[in-house]
Amino acid sequence: MTASLAPRAVARDLQLGDLPLERGDRLEGARLHYRIIGDVEAAREHGWILVFHALTGSADVETWWGPLVGPGRPVDTSRHAVLAANLLGSCYGSTSPVPWQAEHGRAFPRLTSLDLARAHRALVEH
């Protein structure tokens, strides 16, 4: 049996509220699911690492970058904290089409790259 060296992660949700979208619509009740991996106190001194995943990915950075993430590794979680959020519209905990459509009774708004960036900006500011 091999011991896991994966860093501990904290998962949270950031309530964005009603997010105005680039095309003029609104995404009511928007929520970003995010994870923090690593040493938050050390990150205050050495800096944070922000990770933005592909549309089919998730905020589980240590899962898909396993050998690169952890103390003393290229993404050194003993000196930095990693902030990674699941994109709006993904199926990994952020606001997504199926449950949103059921709640609001209309089609999920079309999101642009700017909409996704605005949501992540709110997270970084938080």
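Below, the figures for the structure above:
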item: Single condition Val124 does not satisfy, out of (1) hydrophobic (A, V, I, L, M, F, W, C); (2) at pLDDT below 95; (3) over 15 Å from Gln15 (Cα atoms); result: (3)
item: Leu16 being closer than 16 Å to Arg118 by Cβ, touching a helix residue (DSSP H, G or I) at 6+ places or on another chain (Cβ under 9 Å) and open to solvent by less than 20 Å² (accessible area, probe 1.4 Å); result: no
item: Single condition Gly72 does not satisfy, out of (1) surrounded by 15 or more Cβ atoms within 10 Å (Cβ to Cβ); (2) within 18 Å of Arg8 (Cα to Cα); result: (1)
item: Selection count where residues are without any contact (Cβ under 8 Å) to a residue 24 or more places away in the chain and not in a loop (DSSP other than H, G, I, E, B), scope region 92-126; result: 9
item: Of all residues making up region 78-87, the number that are of a type outside the set (Gly, Ala, Ser) and either open to solvent by 10 Å² or more (accessible area, probe 1.4 Å) or out of contact with any strand residue (DSSP E or B) (no Cβ under 8 Å at 6 or more places or on another chain) (or both); result: 4
item: Among (1) within 25 Å of Glu125 (Cα to Cα); (2) open to solvent by 40 Å² or more (accessible area, probe 1.4 Å); (3) in contact (Cβ under 8 Å) with a residue 12 or more places away in the chain, the one test that Glu62 misses; result: (2)
item: Test set (1) on the phi < 0 side of the Ramachandran plot; (2) free of Cβ contacts under 8 Å to residues at least 60 places away in the same chain - Gly89 fails condition number; result: (1)
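The values are calculated or read from the model by the stated rules, or taken from the named source; none is laboratory data. Everything numeric here is computed off the predicted structure, so don't read it as measured data. Positions of Cβ are backbone-derived with ideal geometry, glycine not excepted, and every protein chain shown enters the neighbour counts. SASA here: full protein model, heavy atoms, side chains in, ligands and nucleic acids out. Shrake-Rupley method; radii C 1.70, N 1.55, O 1.52, S 1.80 Å.
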